[in-house]
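Structure first, then comments.
Please treat every number below as a calculation from the coordinates, not as lab data. Model, not experiment: these values are computed from the prediction. Cβ coordinates were reconstructed from backbone atoms using ideal geometry, including for glycine residues, and neighbour counts include every protein chain displayed.
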Amino acid sequence: MKKFLLQIIATGLAFAAVLAAYEIFFRRPQLEQAAAAARAQAEALQGQVADLNERLDEQTAAVRQEVRQTGRQTGKALRQQANALDRRAAEFQETIAAEKREAEALRERYLSAALVAEGLQVGMGAKVAVTEYYANRGEFPTSNEEAELDAPGEYQTEALVSMRVGDGGVVTLAYAEKVDGAPATIQLVPEVDARGGLRWRCETASYRDILRFAPQCKYVGAR
């Protein structure tokens, strides 16, 4: 019985030794290889992750650069458009201002033409009176009274301040309008022609553009 027990123990020890040898010589190298393969795979995955992160950083930087560049270009284009609009607005305002100046000048010309025409119409009565005086007496009147006209100030209108007959029968129309700071005047000057008749000369030292609205008159310059 004792011998049988010893054999069983010896057999158990031998089986344990075999298992230990299997673990040492076969199982452990396999585990070590698996662990090494796992570490290699982990390192490879870690490298891939690092590559992906690097590529992601590069793409992010590129996108940011493109956004900044696009923003600069867009801002520059917007500034250029704004400047162009400002120039167009300034040109438009200048055009409007020029048109207003032209319209004002045109209005002033028409107003002057109307006032001059009104004064000349009043002067027609003086011309008739001077002509009759000369026809009857052979000389010119030198005043409104001699020409049997009302006093100079009695002929005041919106256009005129006075109408005065002076030496040589010259009729002076003094206008309410001022030109170059001085009251504007037009003179109707009688002249005796070769046949003894009268002809009238209209002249002004005030209205430089008199020919535009009174072709029968002449600008003679300041005296």
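The ellipsoid equivalent to the alpha-carbon distribution of the stretch 132-223 has semi-axes of 24, 18, 10 angstrom, derived from the gyration tensor eigenvalues as √(5λ) and listed largest first.
Between Val179 and Val192, the modelled label-to-label distance comes to 3.0 nm, taking each label 7 Å out from Cα in the direction of the beta carbon.
What the Cβ-Cβ distance of Ala40 and Arg68 gives, at R0 = 45 Å and to the nearest 0.05, is a FRET efficiency of 0.60. At q = 0.21 Å⁻¹ the log10 of I(q)/I(0) for the stretch 71-221 amounts to -1.25, computed by Debye summation with a single uniform scatterer per C-alpha, solvent ignored. The Stokes-Einstein estimate for the stretch 112-181, based on a Kirkwood radius over Cα pairs and taken at 37 °C with 0.692 mPa s viscosity, is a diffusion coefficient of 267 µm²/s.
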